[in-house]
Amino acid sequence: QDQPAAMAAANKNHIRNGEQAFQKMDKINAELFTLTYGSMVQQLLKDYEDPNEVNIQLDKMGFGIGQRLIDELLAKSNVGQCSDFRETAEVLAKVGFKMFLGVTGNISNWNQEDTEFSLLLDDNPLVDFVEIPDDLKELKYLA
């Protein structure tokens, strides 16, 4: 089997695993989740006043949450061992994001060493109801 066909088959499998994992997960109201995240960011802005400091706090929180979500993904999904970092990225985009947010992501912008990529969400529920004022343009609300 040629490599593009194998990647397409793996991608379909990841999408199917994401759908199955999403169906098994307990659900919360999307608006409640979105508003809770927005309220947390708003409180950080009140506490730190500097958007750059808020970005640092959001990055720290996101890292910790991400580690816990990966543990949950591995424990509750039918994902086997990934063959390489590219497949790991696809699993996160197609299974992990579907499992926790109900959306799938797309991977792009790989660096030459295949150690960094961009994960893009066409439909991100965390940006519903969000308007960032001009004076907070440095804020990385969802970086």
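Per-structure values
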| read-out | value |
| --- | --- |
| Qualifying residue in the range 78-98 (condition: hydroxyl-bearing (Ser, Thr, Tyr), open to solvent by 70 Å² or more (accessible area, probe 1.4 Å) and at pLDDT below 95) | yes |
| Residue ranges of helices (runs of 4 or more DSSP H) in the range 14-116 with at least 2 members free of Cβ contacts under 8 Å to residues at least 60 places away in the same chain | 30-48, 51-76, 85-91 |
| Selected residue (criterion: nearest to the chain's Cα centre (by Cα)) from residues of the range 117-132 that are surrounded by fewer than 14 Cβ atoms within 10 Å (Cβ to Cβ) and under 19 Å from residue 86 (Cβ atoms) | 120 |
| Within the range 18-48, considering residues that are closer than 21 Å to residue 105 by Cα and of a type in the set (Phe, Trp, Tyr), the one modelled with the highest pLDDT | 37 |
| Given (1) open to solvent by 60 Å² or more (accessible area, probe 1.4 Å); (2) at positive phi, number of the condition residue 112 does not satisfy | (2) |
| Residues of the range 51-65 satisfying the condition of being of a type in the set (Asp, Glu) and surrounded by 13 or more Cβ atoms within 10 Å (Cβ to Cβ) | 53 |
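The values are calculated or read from the model by the stated rules, or taken from the named source; none is laboratory data. Keep in mind that what you see is a predicted model, and the values were worked out from it rather than measured. Cβ coordinates were reconstructed from backbone atoms using ideal geometry, including for glycine residues, and neighbour counts include every protein chain displayed. Please note that ligands, DNA and RNA were not included when accessible areas were found on the heavy atoms of the full protein model with its side chains. Shrake-Rupley method; radii C 1.70, N 1.55, O 1.52, S 1.80 Å.
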